[in-house]
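Reading through the structure tokens given below for one structure.
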Amino acid sequence: MEVWMQTIAPGAETPIHFHDCEEVIVILSGSGTCRAGEEDFYFSANSTLVIAPNVVHQIGNTSDDDMQLIAALGMAPVRVKTADGAELKLPWDAP
């Protein structure tokens, strides 16, 4: 299992991506949108999002403030891939 804490700036979004494990995301502050597969939905602070394994998804911050979230992923290390299957380097990975 890996647990990530992230801050997403107003108007910013995660890359479109997927991974081979379930992801549970707790939104601590901010609000935004999530596209998971073919579904789009809105969420706000104190929401919990559950993304199934191998579902292409993206989270965007639509609020005027930073979005803070904690994500728990069901494997370690997590290999994150772009929608077309290429490996996606995470911001905290060493160059």
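Of all the strands (runs of 3 or more DSSP E) wholly in the stretch 1-83, which have at least 1 residues that are among the aromatic types (Phe, Trp, Tyr) and more than 19 Å from Asp93 (Cβ to Cβ)?
By residue number, 39-43.
How many residues are loosely packed, with under 15 Cβ neighbours inside 10 Å and either of a type in the set (D, E, K, R) or on the phi > 0 side of the Ramachandran plot (or both) when one looks only at the stretch 3-32?
Counting residues in the stretch 3-32 that are loosely packed, with under 15 Cβ neighbours inside 10 Å and either of a type in the set (D, E, K, R) or on the phi > 0 side of the Ramachandran plot (or both) gives 2.
So if I check each of Glu2, Glu13, Glu87, which one is under 11 Å from the mean Cα position of the chain (by Cα) and charged (D, E, K, R)?
The match here is Glu13.
Within the set of pairs 6+ apart or on separate chains, which have a first residue in the stretch 9-33 that is touching a residue at least 60 places away in the same chain (Cβ under 8 Å), a second that is surrounded by 15 or more Cβ atoms within 10 Å (Cβ to Cβ) and of a type in the set (Lys, Arg), and C-beta atoms under 7 Å apart?
Going by the 7 Å Cβ cut-off, the qualifying pairs are His17/Lys81; Phe18/Lys81; His19/Lys81.
Can you list residue pairs whose Cβ atoms sit under 8 Å apart, with the first residue in the stretch 44-59 being touching a residue at least 40 places away in the same chain (Cβ under 8 Å) and the second being small (Gly, Ala, Ser) and surrounded by 17 or more Cβ atoms within 10 Å (Cβ to Cβ)? Count only pairs 6 or more apart in sequence or on different chains.
The qualifying pairs are Val56/Ala36; His57/Ala36; Ile59/Gly32.
Output yes when any residue across the stretch 44-53 is among the polar types (S, T, N, Q), surrounded by 15 or more Cβ atoms within 10 Å (Cβ to Cβ) and under 21 Å from Ala12 (Cα atoms), and no when none is. Before you say what the answer is, go through the steps one by one.
Here is the first cut: in the stretch 44-53, the ones among the polar types (S, T, N, Q) are 44, 46-48.
From what is left, the residues that are surrounded by 15 or more Cβ atoms within 10 Å (Cβ to Cβ) are 47.
With the extra rule that they be under 21 Å from Ala12 (Cα atoms), the set shrinks to 47.
There is at least one residue in the stretch 44-53 that is among the polar types (S, T, N, Q), surrounded by 15 or more Cβ atoms within 10 Å (Cβ to Cβ) and under 21 Å from Ala12 (Cα atoms).
No lab work stands behind these numbers, since they all come straight from the coordinates. These figures come from a predicted structure and were not determined experimentally. Virtual Cβ from ideal backbone geometry, glycine too; neighbours counted across all protein chains shown.
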